[in-house]
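Asker: First, the structure itself, so that you have it in front of you.
Quick note: the coordinates plus some simple rules give every number you see, no bench work behind them. Source: prediction; values computed, not measured. For neighbour counting, all protein chains shown are included, and Cβ atoms are generated from backbone atoms with ideal geometry for every residue, glycine included.
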Amino acid sequence: MNVTSKFDIIVVGAGPAGCASAYLLAKAGFKVLVLERGRGAGSKELWGGKAYAQPLREVWPELDKEAPIHRWVSKERFSLVWGERALTIEYKLGRKVAFTTYLTELVNWMARKAENAGAIIVDEVRVDEIVVKEGRVLGVKSGGDTVYADAVIDAEGVNRLLLEKLGLVEKLNPDHIALGVKEVLSLNPNLIEERFMLGKDEGLAWFVTGDVTLGLPGGGFIYTMRDSISIGLVLPIGPAAKAAEAGLLKEHVSSLVEAFRLHPYFRNLWREADVIEYGGRMTIEAGLKLMPRKLYMNGLLVVGDAAGFLVNTGYTIRGVDTAVTSGKLAAEALIEAFNNGGPTEENLKSYEEKVKKSYIYRELKNHSSIGDVMSDPFFFQKLPQVAIRAASKLFEADYEEPKLIRSFLDAAREEDVSSLKIIYKLGRVVGKL
Amino acid sequence: MRIAVGIKWVPNTQAVRFDPETGTLIRKGIPSIVNPHDLPAIEMALRLRDAVGGEVIAFTMAPPPAVKGLELALGMGVDRAILITDRVFAGADTLATSYVLANAISKVEREYGKVDLVVFGQETIDSSTAHIPGQVASWLDWPYVYYVKDIQVLGDGRIRVVRELEDYIEEYEIELPAVLGIAVRALKPRPVSLYNKLRAKLNKDTIVVWGNSELKLDPRCVGLKGSPTIVAKTIDMPEVPRKKEVYKPRDPRDAARWIVSKIVEDEKLRELLVKKLWGG
C-alpha cells in the first residue's frame, strides 16, 4: 500500500470517541486511519474512574465479558465535609449500571477492537492542521506530510487546537473548563473490600464536597479500582484562578489533593496504601457552552470532548459514555452519507440531528443550569457550613437535642446567613440538580 | 550501502526520582525512551543512505516494549528494524550484549546481504560505559573509530571519517566494513514523520523479531550466564546543596578571582573539592 494513498476516513485522536468511530467504520468495511499523539492509544487519558456501561454496550455488546472492568459500582456515596465533621449519604445500587477501571486500559481495549476490525492506528504523531480547500476538508497535515481522506473525524479532545485553527470554536474560556488532579493509591483488593464493605468485584463511587476544595466550587472523588483507589479533586478553573489572585488559594492544587488524602475522615480507608501514580487533566465544566458552532462541515465531524460532550450533573460527571455515543452517531451518519453520494456538508447534517435527538444533547440541556450552582460560592462555603453545624447540633447534644428545624435555624443564625436566603437558594437549586 | 544502527531502549533518567527514604532511584513507572545519544547515529546513517543509496537497518536487544523505540527509528526514516529479544538474553553485561549484537549483524548479512557499516551512539544515558561499539567491532574483527563527527564515502570501498577531539581534529581513511561510534550531538536528528510512521505501519515486514531460536547462540555465552562483570561496590554521591550567587563583572579575570576566593573561603566547599579531586 502506498502511504500517499487515500483513506476513506481519518480519525484524529484515539480516545473513547475516536476509537468508537474507528471501530464501527472499520467494521463496516471502510479504510480508517487513526492518528494519536500519545504513545499508545489511551496513554493521554485521565479520569476519576467510572463509566456507564449501557451506552458502551451499544457499540460493543461484548463489553461485560471482554472489557477491562475493575469493579461494578454497587455503592454511591456522597459526603459533605467541613473541618473534622462529615455528613455522608450512601445508596446501594440494585443492578450493574457503571463500572470502575483505568481509562487508559479501557481505551486501549477499544483501540484493539478497532485495529482488529481493520483500522490502522499510528501513535506518537501530532496532527498540526486539518486541510481544507474551498470549504471542503481534504485530510490532515502532520509536519510536512499530508494524508488525504474523504472525511475527517475530529476527536482531538478538550484542548481543541485544530478546531480553533479552523475557526469552528473560540479559545477555551477558563469559566468553561476545570482541572482534575488525582492520585492512585495501591492497596490489596481484600483490604479494599473490607474497608469499603464491598463484595468481590463490587466497587464504590464517592463524591465529596465541602472544604476539601477550601470552599471553592468543585469537589472531590473516590473510586475503588481492582487493587487501587483513585482519589482526587476537580476545580473549575475560573473561580480557582480568581481565588488564587485574591490570595485565598495559596497552595498548589496537588497539596489540596494531598490534604484530601491525609484527611482524618478518609485516611484510614487507604492506610498503608502507596501513591503509585498521580496526574492532572483539563476537563469540561460547561459542555453546552463548549459546543462548536457546527458539529459538521463538508468532510468533517466533531465528536467527544472536542464537541463539548461531557455532562456535569453536579454530582456526577459523564464524559466517556457520551464520547462513545457521539463516536457511534458520527460513524452512522458517515455510513449513511457514503451511501448517499459522499460526506458532503448536506449529507453530514444528519450527524447534528442525530446528536440533538440523542440523550447526550438532552442531558447537556437538562443539566446546563448547573453552571449557576457551580459559580455560586454560597453552595461551597456557607451552605456546607450551615449543614454541618445543624448536624452537629443534632448529633453532638450532651443533654438536650433540638428539633430538626430548630437546629437548622440556629445553625443559620450562628453562621450569619438568613434562613430565608438558604430556602430560596435551595429551592432554586433543587430544580437544577 | 547497507548501514546497521544500534539503539538502546533506556529509562528516561531525567524523569527518574530519588526515594528520599532509601536514597535509591525509583525506576518504576518511568517511561523509557530511545537513548538520546543514539539519535545522531540514526541521523548519520540516514544521511549516508540519502547521499549514496542503500538501506538503514535499526537493531536493538531489549524486552518487547522496545518495539516503540524501533518505531521511532522507522518514523525518522529507517528502512527496517530488528528487535532481538529472548529471555536467555536478559541480565547481560556489555560483553554478552555485544556478543549477541555482533552475531545479529552476521545474521543480517545472511538474510539481507553484506553490511558496510555499523554505527552506534557514543554512549547510553543509563550506564555510560561506551563499551558496546568497540566490543561489537572486536567480535566482528572490523575497524572501529569513535567520537565520529562526519563521514565521507570515498567510493572505493573506503570512507573518510572525521573525529573531533577536545583540541584537535583527526581524519582517518578506513576500509569497509567498519564500526563507528558517533559523537554526542554530532548531528541534529530529524523529526519523526507521519509518512514514515505510516509506511512502517502499512508494511508488515518492517519490524522483525529475532530470539535465540533464530540466532542459535550458546546459552552459556549470552544473558546473565555469559556476563563476567560484577558490580563490586556502589557509592551514592551525597547531594551537594546548591547555593546561587550571581556576580557579573566586566572583566572576566575578576570573575575568576571571585570564584577562586569563594572556594578558598568556604571550608566545606574546599574539603569537598579536595575529596572529589584526590579522593580523601
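Asker: Rounded to whole Å, give me the distance from the Cα center of the range A:140-187 to that of the range A:340-416.
Answerer: Between the Cα centres of the range A:140-187 and the range A:340-416 lies a distance of 28 Å.
Asker: Looking at the protein assembly as shown, what % of its DSSP beta bridges pair antiparallel, to the nearest 5? Mind showing how you got there, number by number?
Answerer: Details: 72 of 122 bridges.
Antiparallel bridges make up about 60 percent of those DSSP assigns within the protein assembly as shown.
Asker: Compute the helix-to-body angle for A:320-339: its Cα long axis versus the longest principal axis of chain A, expressed 0 to 90° and rounded to tens.
Answerer: 20
Asker: Each residue of the range A:90-103 in turn: what ³J(HN,Hα) in whole Hz from Karplus with 6.51, -1.76, 1.60 and θ = phi - 60°, glycine and Pro shown as x?
Answerer: 10, 10, 9, 6, x, 8, 7, 10, 9, 10, 9, 5, 7, 5
Asker: Non-local amide H neighbours of B:Asp150 (under 5 Å, H modeled in plane, Pro and chain starts lacking H): which ones?
Answerer: Here the answer is B:Val162, since their amide H atoms fall under 5 Å of that of B:Asp150.
Asker: Once the other residues with Cβ under 13 Å from the Cβ of A:Gly210 are scored (Lys, Arg +1; Asp, Glu -1), what is the net sum?
Answerer: Values: positive: A:Arg85, A:Lys382, A:Arg389; negative: A:Glu84, A:Asp211.
Taking every other residue near A:Gly210 into account, the sum is +1.
Asker: Roughly how tilted is helix B:67-76, in degrees to the nearest 10 and between 0 and 90, from the longest Cα axis of chain B?
Answerer: 80
Asker: Still on this structure, I have one more. How much FRET efficiency would the formula 1/(1 + (r/R0)^6) give for A:Arg293 and A:Glu251, where r is the Cβ-Cβ distance and R0 is 30 Å, rounded to 0.05? Working shown, then result.
Answerer: On the way: r = 38 Å, r/R0 = 1.28.
E between A:Arg293 and A:Glu251, to the nearest 0.05, is 0.20.
Asker: Using the Cα centre of chain A as the reference point, and only Cβ charges (+1 on K/R, -1 on D/E), how large is the resulting charge dipole? Debye, rounded to the nearest 20. Don't skip to the answer; put the middle values down first.
Answerer: Numbers: 56 positive and 57 negative charges, 160 e Å.
The calculated dipole for chain A is roughly 760 debye.
Asker: Return the distance in nm (one decimal) between the two label points of a simple spin-label model at B:Lys275 and A:Glu164, each offset 7 Å from Cα along Cα→Cβ.
Answerer: Going by the 7 Å Cα→Cβ label model, 5.0 nm.
Asker: Oh, and also: Enumerate by residue number the trypsin sites (Lys or Arg not before Pro) in the range B:51-149 meeting two conditions: DSSP loop (anything except H, G, I, E, B), and at most 13 other Cβ atoms within 10 Å of the site's Cβ. Mind showing how you got there, number by number?
Answerer: Numbers: sites: B:Lys68, B:Arg80, B:Arg87, B:Lys107, B:Arg110, B:Lys114, B:Lys149; in loops: B:Lys114.
Those satisfying the criteria are B:Lys114.
Asker: So what's the net charge close to B:Glu164: Lys and Arg +1, Asp and Glu -1, counting the other residues with Cβ under 9 Å from its Cβ?
Answerer: Values: positive: B:Lys149, B:Arg163; negative: B:Asp150, B:Glu166, B:Glu170.
Neighbour charge sum, excluding B:Glu164 itself: -1.
Asker: Next question. Of the GluC sites (Glu not before Pro) in the range A:237-277, which ones lie in a loop per DSSP and count no more than 12 other C-beta atoms within 10 Å?
Answerer: Values: sites: A:Glu245, A:Glu251, A:Glu258, A:Glu272, A:Glu277; in loops: A:Glu251, A:Glu272.
Counting only loop positions with at most 12 other Cβ atoms within 10 Å, the GluC sites (Glu not before Pro) in the range A:237-277 are A:Glu251, A:Glu272.
Asker: Another question about this same structure. Distance from the Cα centre of the range A:281-324 to that of the range B:37-113, in angstrom?
Answerer: Cα centres, the range A:281-324 to the range B:37-113: 44 Å.
Asker: Could you give each residue of the range B:253-262 its phi-based ³J(HN,Hα) in whole Hz, using Karplus coefficients 6.51, -1.76, 1.60 with θ = phi - 60°, and x for Gly or Pro?
Answerer: Values, residue by residue: 5, 5, 5, 5, 4, 4, 5, 4, 5, 4 Hz.
Asker: Another one. For the range B:194-263, just the Cα atoms, rotate onto the principal axes and tell me the three extents in Å, largest first.
Answerer: 65, 46, 21
Asker: Report the GluC sites (Glu not before Pro) located in the range B:114-218 that are in a DSSP loop and have at most 13 other Cβ atoms inside 10 Å of their Cβ, or state none.
Answerer: When the GluC sites (Glu not before Pro) of the range B:114-218 are filtered for loop state and at most 13 Cβ neighbours within 10 Å, B:Glu166 remain.
Asker: What is the set of long-range amide H partners of B:Ala178 at a cut-off below 5 Å, with H atoms built 1.01 Å from backbone N?
Answerer: Amide H to amide H, under 5 Å and 5 or more residues apart or across chains, B:Ala178 pairs with B:Leu117, B:Val118.
Asker: What residue among B:Gly211, B:Gly75, B:Gly155 has the largest mean-square fluctuation in a Gaussian network model of chain B, using Cα springs under 10 Å?
Answerer: So, out of B:Gly211, B:Gly75, B:Gly155, the one fluctuating most is B:Gly155.
Asker: Would you work out the relative contact order for chain A, in percent, from Cα pairs under 8 angstrom that are 6 or more residues apart? Intermediate values should be presented prior to the final figure.
Answerer: On the way: 906 pairs, mean separation 82.0, N = 433.
So the answer I get is 19 percent.
Asker: In sequence order, what are the phi-derived ³J(HN,Hα) couplings for the range A:410-420 according to the Karplus relation 6.51 cos²θ - 1.76 cosθ + 1.60 with θ = phi - 60°, rounded to whole Hz, with x for glycine and proline?
Answerer: 5, 4, 4, 5, 5, 8, 6, 10, 6, 5, 5
Asker: Where Lys and Arg each count +1 and Asp and Glu each count -1, what net charge lies around B:Pro31 among other residues with Cβ under 10 Å from its Cβ?
Answerer: On the way: positive: A:Arg39, B:Lys68; negative: none.
Net of charged neighbours comes to +2.
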